[in-house]
Amino acid sequence: MKHRSILFVCTGNTCRSPMAEAALRAELKRRRIGWYKVASAGLSARAGGAMSAHAMQALKEAGIPFDESFASSKLTEEMILGAHAVVCMTSAQEKALSAYPNVTSFPSLCGREITDPYGQGIDVYRVTLRELRECLPRVIEVCCPKIQNPKS
């Protein structure tokens, strides 16, 4: 079966998009949806950077598994073109990528931007993760429709 890819995009790929990646991956597993791969990247990411310690802490507290060896990725056109859906954290990020028809955002899907916790305390990371998780049902509904023939 061919997998489809969902790509989350934020600025630095150390906070919001890796948390969204881990949270969606866990939710898809919980729902037994196995035909999507989930990844993340940043518009201004420094490739190979670690996930924020607060992002990892928030995920651990929520019981969401993640790759502790996560390394940030700078967004490339190849990543965008290879994804079924690209989900940005903000309207400005979506606008910056508006040339691509597979790009959307949390504001477009869920009516709200996802708070950037960078440089903030753990409580802000917890809020950001909660915002992401509250939006996942809509992201799944729009970006992860069931493949009609999953055996193909």
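The values are calculated or read from the model by the stated rules, or taken from the named source; none is laboratory data. Computed from a predicted model, the values in this text were never measured in an experiment. When we count neighbours, we look across all protein chains shown, and the Cβ atoms used for this are built from the backbone with ideal geometry, even at glycine.
What to note about this one:
- Selection from the stretch 72-92 of residues that are of a type outside the set (A, V, I, L, M) and either in contact with a Cys (Cβ under 7 Å, 6 or more places away or on another chain) or surrounded by fewer than 18 Cβ atoms within 10 Å (Cβ to Cβ) (or both): K74, T76, E77, E78, G82, H84, S91
- Being touching a helix residue (DSSP H, G or I) at 6+ places or on another chain (Cβ under 9 Å) and not aromatic (F, W, Y) holds for only one residue in Q57, Q93, and it is Q57.
- Pairs, first touching a residue at least 12 places away in the same chain (Cβ under 8 Å) in the stretch 103-128, second in a helix (DSSP H, G or I) and among the small types (G, A, S), C-beta under 7 Å, six or more apart: S105/S91; P107/S91; E113/S91; I122/A58; Y125/A55; Y125/A58; R126/A58
- Selection within the stretch 15-69 - more than 27 Å from P145 (Cβ to Cβ), touching a residue at least 24 places away in the same chain (Cβ under 8 Å), part of a helix (DSSP H, G or I) and of a type outside the set (A, V, I, L, M, F, W, C): H54, Q57, E61
- Residues in the stretch 109-152 that are out of contact with any His (no Cβ under 9 Å at 6 or more places or on another chain), surrounded by fewer than 16 Cβ atoms within 10 Å (Cβ to Cβ), of a type in the set (V, I, T) and at pLDDT 95 or above: V127 only.
- Out of E27, E21, sole residue that is modelled with pLDDT of 95 or more, acidic (D, E) and closer than 23 Å to Q93 by Cα: E21
- Condition met for A22 (surrounded by fewer than 24 Cβ atoms within 10 Å (Cβ to Cβ) and under 8 Å from the mean Cα position of the chain (by Cα)): no
- Taken over the stretch 42-71, the residue count meeting the criterion of being surrounded by 12 or more Cβ atoms within 10 Å (Cβ to Cβ), over 14 Å from S17 (Cβ atoms) and touching a Ser or Thr at 6+ places or on another chain (Cβ under 8 Å) is 0.
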